[in-house]
Structure formats: C-alpha cells, structure tokens
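Okay, so here's the structure we're looking at.
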Amino acid sequence: MEIPTLDKFPRRVLAQIDIQTAFLVSRLVVAAERLQVFRALQGTPMTADAIGKALGIHKYYLRPFLTALVSLGLLRKTGDRYRNTAFAGKYFMRERSIYWTRQFSAECVERYEGLCALERTLSSGKRYDAITGRRRPPYTEQMKRNQRQAEDFTQMLFHLHQGDAAALAGYLDLTGHRAVLDACGGSGVMSIALAKRNPHLRACILDIAPVCQIAAGNVKRAGLSRRIATAVGDARQPFPAGYDVVLFCDIGPVTARHLRNAYRSLPPGGVVVLVDRYFTDDGTKPLDRLASFFTHGGFGLATRSEMVELVKSCGFEKVRAKSVFKDVWFITGTKPTP
C-alpha cells in the first residue's frame, strides 16, 4: 500500500504549500478521512448540501471545506456536485480499508495534539501524553477492553502489510522447514502469505485473545484454517516448542528477551525472522518514523546494523539483512547445529 506523500499531489497544489501551510493542509486531509468524505463520494457525485447532511458538517464551514479539498486536487466540482478525483480514489479508497480510515486517522489527531506540546517535550524529556495529561494504556490493554478498536487496529495492519507479506513469502526459502510461530502475529497477514507460498507449511499466530479471534477470521476467509492456528500468549514469556521458524513482524522493539525466547524454543537449524522498517545506519531514514518518535516512541530508534548485532549476540549465526520491499528490512538468523 502506497502512502499518499506530498509529491503525489498535483504540481499546482505543491506550489501553494509552504511549511506552515503543510501542517494545516495535512490536518484538512485527516479531517476528510475521519468524516469519510471520500467514501461517501466514491462513485456517487453529491451536492454540497447532501454531503453536509450525510456527514454532519455544519453549513458555515461546509463549502469552504469542500473548496479546500478541490484546491488540493482531492475533489472535483462540476456545477454544484462534488466527486473524488482519480488521486483521491486511488490513495484513499482503493488502497485504504475502512479500518485504516477509522484507526489511523484517529491516531493522526492524537499526534497533532501532541505536536502542540513539542517544545515542552524537547525541554522536559517527558512523553507528550504525560505533558498533555492524555495518558493511555498500551495498545494491547486498549484492545482487550474495546473489541471495536481491536478490530480496527488489527485489520488496518492486515491491509497495510499486504505488500511486505508477499515480499517476505517470495524472499524466504522455507522448503526445509515445517512450522512457523508468528509471535505477536496480529492479523495473520504474514502467516497467510507464507502458507499460501509454501503448501507444506503450518503456522501458529501467537497474540492476545481479542486479536487471535480476528486473526482466525482472516485465516478462515483465506481457506487456511487447517494449516494456521491461533494461540493466546505473550511474546515476553517462553515460546512453545514444535516450531522451526519464529517470526517477529512490526511488533515494536524486538528485544534480547524476545530473541532469547526464540533461540531457546527453536531446534538446531531453526530460523528467526525479523520484519520491520529499521533505520539506516546514519539514523536519518525512514523520515516518517523518525518524526513519529516525538509523539509515539514505541518503535525506538534501532538501526539495521544494531538489530543485526543484537540477533548475533543472542546466539544466532548466518545473520543476514535484506531490504526487499520498499524500506522494510528482513533480518534472518539461524540457530547453530551441534
């Protein structure tokens, strides 16, 4: 799934955007996403009044808001009817699920609020949620309490990771392996891709109970319920035996504890696999992850080389790192044989 970065916008639009305006423009786009403007107009041109009524936009701001979206190249106006442009249809509809619209756009708003306290964050060293008084429990705890949020978050990632799941399935040679433990496997997107590519393979998605329920539904829709199971568990605790591949995909910082758990559970010749957007060795890319550190530091700042060394330090050999899909790194290591 391709992120709608500013360079995708029409040149006439880019010429109007300076640093100050970029903040406002991006917030307008997030508002349009949260209000589901693009979904309402997909294949169905509507008048301004009809849009306002359907989406609950006050008449005072309705037309200026729609006009701003026209100016950005996201909507096209013909007479009094508005419709999505090809750009909006591609990036906000065909490549976005409803889960992305509900979950990611809500996260964006929280981060905007956090950025308003950025100077205080930088000077105090405190996280923005502590400064703003918006302390929230970790995602796992939130999802245990709210099934709707668990579904939105998990299924957002299911759609987000389609590309790197396919790339990983094409990259890994699992002909000599039989079982994958997908630690914190979430939606099951990686297990599904690996199982489709390797008919001999079975997998187990390890995660919290609400997420396992959602993953099981994805597995069933993929027709793989006989080969992919789910198990409620915690990646910080010892892993079950019986798997010769342990996979960590986009789970936040993979720690030495995670890797030692994987090492102990794997048989000789077993493989650990890490999938994430690790930083380049100079720490400057990916820029969006670097920027998000100031409002959501949950992924840390580990570089590719640092992660390679961490995997080696936990006993794995033949450690390799490869960027196969965009800026996603695949790091693999093998447990030595006696």
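Any read-out appearing in this document is the output of simple, stated calculations on the displayed coordinates, not a laboratory observation. In this text, all values refer to a predicted model and were calculated from it rather than measured experimentally. Heads up, the Cβs are rebuilt from the backbone with ideal geometry, glycines too, and the neighbour counts pull from every protein chain shown.
One quarter of the surface of the convex hull around the alpha-carbon atoms of the stretch 252-338 equals 5.6 nm², the direction-averaged projected area. With N as its number of residues, the stretch 4-160 has a Cα radius of gyration that, divided by 2.2 N^0.38 Å, comes to 1.16.
Note on the stretch 6-94: Lys pairs 8 or more places apart or on different chains, Cα atoms under 23 Å apart, count 5. Positive-end ranking of A88, P45, G170 along the dipole of the chain, with charges on Cβ about the Cα centre, is headed by P45. Based on DSSP, what percent of beta bridges with both residues in the chain are antiparallel, to the nearest 5? Close to 45 percent.
Once you've got the GNM for the chain with C-alpha springs shorter than 10 Å, pick whichever of L14, L201, L247 has the biggest mean-square fluctuation. With Cα springs under 10 Å in the chain, the top fluctuation among L14, L201, L247 is at L14. When the stretch 118-209 is described by a simple charge dipole with +1 on each Lys and Arg Cβ and -1 on each Asp and Glu Cβ, the residue from A183, T121, L160 located farthest towards its positive end is T121. Charged side chains reduced to their Cβ positions (Lys and Arg at +1, Asp and Glu at -1) give the chain a dipole of some 780 debye around its Cα centre. Straight-distance candidates among the lysines for linking to K335, with alpha-carbon spacing under 22 Å and chain neighbours fewer than 8 residues away dropped: K312, K318, K322. Among T175, T303, T67, the residue with the largest mean-square fluctuation in a Gaussian network model of the chain, with springs joining Cα atoms closer than 10 Å, is T175. If you take all other residues with their beta carbon under 14 Å from the beta carbon of D173, and give Lys and Arg +1 and Asp and Glu -1, the sum is +4. Scoring 28-39, 270-281 by mean Cβ neighbours within 10 Å over their residues and listing the highest first yields 270-281, 28-39. The GNM of the chain, with springs linking C-alpha atoms under 10 angstrom apart, assigns the highest mean-square fluctuation among F104, F87, F248 to F87.
By the rule of a C-alpha distance below 25 Å, with chain neighbours fewer than 8 residues away ignored, the lysines paired with K220 are K144, K196.
Relative contact order of the stretch 1-145, taken over Cα pairs closer than 8 Å and 6 or more residues apart, is 24 percent. Note on the stretch 104-149: semi-axes of the ellipsoid equivalent to its C-alpha gyration tensor, largest first and rounded to whole Å, are 24, 13, 6. Placing +1 on the Cβ of every Lys and Arg and -1 on the Cβ of every Asp and Glu, with nothing else charged, gives the stretch 144-274 a dipole about its Cα centre of roughly 340 debye.
Mean 1/r over all different Cα pairs, inverted: what Kirkwood radius does the chain give, in Å?
Taking every pair of different Cα atoms in the chain, averaging 1/r and inverting gives 22.0 Å.
Kirkwood-type hydrodynamic radius, the stretch 157-334: 16.3 Å, calculated from all non-identical alpha-carbon pairs.
Across the stretch 110-216, the mean sequence separation of Cα contacts (distance under 8 Å, 6 or more residues apart), normalised by length, yields a relative contact order of 23 percent. The angle separating the long axis of helix 209-221 from the principal Cα axis of greatest extent in the chain is about 90 degrees. Given an 8 Å cut-off on Cα distances and at least 6 residues of separation, report the relative contact order of the chain as a percent. Across the chain, relative contact order equals 12 percent. Net charge dipole, the stretch 6-94: roughly 220 debye, given to the nearest 20, about the Cα centre with Cβ charges of +1 for Lys and Arg and -1 for Asp and Glu.
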